[in-house]
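All remarks here apply to the structure that follows.
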Amino acid sequence: MKGATTNICYNLLDRNVNEKKLGDKIAFYWEGNEPGDSAKITYSELLHKVCQFANVLRSQGVKKGDRISIYMPMILELVVAMLACARIGALHSIVFAGFSADSLCERILNCGCSLLITADAFYRGDKLINLKQIADEALQKCKEKGSPLKKCIVVKHLGREEVAVDGTCSKSPPLKRLCQDIQTPWNPAMDMWWHELMSSASTECEPEWCDSEDELFILYTSGSTGKPKGVLHTVGGYMLFAATSFKYVFDYQPEDVYWCTADIGWITGHSYLTYGPLANGATSVLFEGVPTYPDVGRMWSIVDKYKVTKFYTAPTAIRLLMKHGEEPVKKHSRKSLKVLGSVGEPINPEAWLWYYRVVGEERCPIVDTFWQTETGGHMLTPLPAATPMKPGSATFPFFGVVPAILNESGEELEGEAEGYLVFKQPWPGIMRTLYGNHQQFETTYFKKFPGYYVTGDGCRRDKDGYYWITGRIDDMLNVSGHLLSTAEVESALLEHAAISEAAVVSHPHPLKGECIYCFVTLRDGHEFTKNLMDELKKQVREKIGPIATPDYIQYAPSLPKTRSGKITRRILRKIAKNDQDLGDISTLANPGIIKHLFNGRCDTKQ
Ligand code: WT7
């Protein structure tokens, strides 16, 4: 209705507490990285904390429309921070805590964030990450580039009092990993402790009443040009789409305990760990750790601990656990499980069947959900127990979604077909723009095939009308469910003084789905050594983050190019795979190089 107002935080919390009487219901069971470290929060406690932090933000001068950067581990304060932004109409821009200082800085600058929320440090498995130190590096870089960001709020997480006062734990048995004497760098001109600000904040806070088309958040995703794109979602449509798809795709029931293993730093964590479940008044698990710590049975021990009914994870995690066999799974009961979800990349039928047979004991339907940061919620997905499944197919469109498959000339293909996956009409959760670059939004998603939204994925429809995603058809790669562009890895490599040219291609990987294979040519006077290779890997890790670390780097005396000078990645992909069937190479300016590149292949046997 025109002129009507709303607030998403109000709908997620106040409405559930006051109208639905869910105040005492658990919103989140928090499970720390270290077994035994856990907490829980009810809907009314969450509402109070969010109100307090919203008041803190307001007292720091944050207003509707301001951008707030959030760089945090998977802790309850992350949810509190994002909902507090939503409550006062500020846009959160959450940056996955595995990203590097450079990546964080780039994202802060791109949308002009005025404040950063972070934490002291955390453990991922047995690895200590001093997050504040990385955040400080990013802030230093931002300052040099003229960023207006002047304030940083820091959660004391690893060093929190109840577990680690002067190195001793008050928890029993002591959680040794928490009792760390971590050094948190501190800049008094800028830094403020979360708990100090919260201690005097009121638990009541009037929400900012918003138009349904007001901006809700920005979330960066890799773009094929190499620069991350700030996908912008708005309040009304996103809320409706996240809530409805959560409800139907997981067949949500009030007594469910739902667990999505994604990090909140990705869209899955926004839509299906925070907004979707909370809109439905659901109880969820929020897990800080990794599937393999302290052992590969951790996921199933958490499932049993909280009696998880609906479980949502990524194919890469399934393949990783599959490698360790059935025994660690079967040691746990898992009898609470009812629906199993998959997201992030195509799930190969072998992993699908293992998930179905071993994890779900053939009684849990699998929902293989295809969607994107840009779509806000599920686009192609089965509805559990209603849609007959085929292992590896995301099956059919969700309500209101109209897919089509186009050929290269933009014609719609009927029946059995393969081509470009597009959507023919908008849906509530569709992104509204790329922050600060509406023109790029139009060209990226709507220019190639006017009148359609282009996903960038290839897709096949079988004789029964089932959709099968065949993977990206642009210069993107999907490593363990995380999208990266070849261009961003290439530009990180090119910053090294020894490199004159670099080409990056995707290469199949048994666990990660795809991995990163690089070809590099060197400047005169440099030699291709093991040392250089290590430096290059480190360089990419530092520029982008550990997920982008190259798996293979091959020396290339030169790169195959067309006569117009374009690097032919299509051919490099085949060289990496040792696939001699190169097709037409008549357009190459330098076909002679191909033989050398085949001879110099990296050993990719896993
Ligand atoms: C790309 C979007 C959606 C949240 C996580 C990733 C691939 C995603 C599936 C699936 C096959 C999938 C696509 C898509 N993808 N889910 N079920 N089957 N492919 O979000 O980082 O925006 O990546 O992930 O290639 O375009 P994202």
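The values are calculated or read from the model by the stated rules, or taken from the named source; none is laboratory data. All figures in this text were calculated on a predicted structure; none of them were measured in a lab. No Cβ is skipped: glycine too gets one built from the backbone with ideal geometry, and neighbour counts run over all protein chains shown. In case anyone asks, the SASA skips ligands and DNA or RNA and just uses the protein heavy atoms, side chains included. Shrake-Rupley method; radii C 1.70, N 1.55, O 1.52, S 1.80 Å.
Working out 0.36 nm times the residue gap between Glu535 and Ala39, then minus their Cα-Cα distance, what length gain in nm do you get to one decimal?
In short, 174.5 nm is gained.
Can you figure out the FRET efficiency of Asp24 with Val402, using R₀ = 56 Å and their beta-carbon distance, to the nearest 0.05?
0.85
Whole-Hz Karplus ³J(HN,Hα) for segment 402-410, in order, using 6.51 cos²θ - 1.76 cosθ + 1.60 and θ = phi - 60°, x for Gly and Pro?
10, x, 8, 10, 10, 8, 4, 8, x
With every protein chain left in place, what is the accessible area per residue of the chain in square angstrom, probe 1.4 Å?
Counting only protein heavy atoms, the per-residue value for the chain is 40 Å².
Extending each Cα 7 Å along its Cβ direction at Glu196 and Lys2, get the distance between those two points in nm, one decimal.
It is 5.1 nm.
Between Leu413 and Glu326, what FRET efficiency comes out of the Förster formula 1/(1 + (r/R0)^6) with R0 = 25 Å and r the beta carbon distance, rounded to 0.05?
That pair, Glu326 with Leu413, gives E of 0.05.
Sum up the charges of everything whose Cβ sits under 11 Å from the Cβ of Glu206, counting Lys and Arg as +1 and Asp and Glu as -1, but leave Glu206 out.
After counting each charged neighbour, the total is -1.
Output the peptides 582-589, 486-493 sorted from most to least packed, where packing is the average of other Cβ atoms within 10 Å over each peptide's residues.
486-493, 582-589
Can you tell me what the convex hull of the Cα atoms of the chain projects to on average, as an area in nm²?
Directional mean of the projected Cα hull area for the chain stands at 28.3 nm².
For the residue pair Arg573 and Lys127, what label-to-label distance in nm results when each label sits 7 Å from Cα along the Cα-to-beta-carbon direction?
2.8 nm
Can you give the angle from 0 to 90° between the axis of helix 235-249 and the longest principal axis of the chain, with both taken from C-alpha atoms, to the nearest 10?
The helix 235-249 is inclined about 80 degrees to the chain.
Using the alpha-carbon atoms, what tilt in degrees (0 to 90, nearest 10) does helix 530-543 show relative to the longest principal axis of the chain?
So the inclination is approximately 40 degrees.
For Glu31, Glu19, write out the residues from largest to smallest accessible area, computed with a 1.4 angstrom probe and no ligands counted.
If we order Glu31, Glu19 from most to least accessible, we get Glu19, Glu31.
Tell me the net charge near Leu484. Cut-off is 13 Å between Cβ atoms, Leu484 excluded, with +1 for each Lys or Arg and -1 for each Asp or Glu.
Its environment carries a net charge of -1.
Using a probe of 1.4 angstrom, how much of the accessible area of the chain is carbon and sulfur, in percent?
50 percent
For Ile585 and Ala497 in one chain, what is 0.36 nm times their gap in residues minus the Cα-Cα distance, to one decimal in nm?
Using 0.36 nm per residue and subtracting the Cα-Cα distance, I get 28.5 nm.
May I ask you to list the residues of segment 268-311 whose amide nitrogen lies under 12 Å from a point 7 Å from Cα along the Cα→beta-carbon direction of Gln253?
From segment 268-311, the list is 309-310.
Let me check the size of segment 190-331 from its C-alpha atoms; what are the radius of gyration and Dmax in Å?
18.5, 52
With all protein chains present, calculate the accessible area of Ser558 using a 1.4 Å probe and round the result to the nearest 10 Å².
40 Å²
Please get the size of the charge dipole for the chain, origin at its Cα centre, with Cβ charges of +1 on Lys and Arg and -1 on Asp and Glu, quoted in debye to the nearest 20.
Roughly 340 debye, rounded to the nearest 20.
When the chain is fully extended, how far beyond the present Cα-Cα distance does Arg460 get from Leu511, taking 0.36 nm per residue of separation?
Result: 16.0 nm gained on full extension.
Extending each Cα 7 Å along its Cβ direction at Thr604 and Glu350, get the distance between those two points in nm, one decimal.
Here the answer is 1.6 nm between the modelled labels.
Can you tell which of Ser558, Ile585, Cys518 lies farthest toward the positive end of the dipole of segment 465-606, using +1 and -1 charges on the Cβ of basic and acidic side chains (Lys, Arg; Asp, Glu)?
So the residue we want is Ile585.
Give me the angle, in degrees from 0 to 90, between the Cα long axis of helix 101-110 and the longest principal axis of the Cα atoms of the chain, rounded to the nearest 10.
80 degrees
Cα atoms only: what Rg and Dmax, in Å, come out for segment 443-516?
Considering segment 443-516 through its Cα atoms, Rg and Dmax are 15.7, 54 Å.
How many angstrom separate the Cα center of segment 247-286 from the Cα center of segment 458-490?
So the separation of the two Cα centres works out to 25 Å.
In the structure displayed, which of Lys64/Lys151; Lys310/Lys331; Lys143/Lys229; Lys40/Lys543; Lys335/Lys512; Lys132/Lys512 lie more than 24 Å apart, Cα to Cα?
Distance filter (> 24 Å) returns Lys40/Lys543; Lys335/Lys512; Lys132/Lys512.
How long are the semi-axes of the equivalent ellipsoid of segment 537-606, taking √(5λ) for every eigenvalue λ of the Cα gyration tensor, in whole Å from largest down?
With the √(5λ) rule applied to segment 537-606, the semi-axes are 25, 15, 10 Å.
In deg cm²/dmol and to the nearest 500, what is the mean residue ellipticity at 222 nm of the chain if only DSSP H runs of at least 4 residues count, each as -39500 (n - 2.57), divided by the residue total?
That comes out to -7000 deg cm²/dmol.
Using the Cβ atoms and a cut-off under 11 Å, what net charge is assigned to the surroundings of Leu434, where Lys and Arg are +1 and Asp and Glu are -1?
+1
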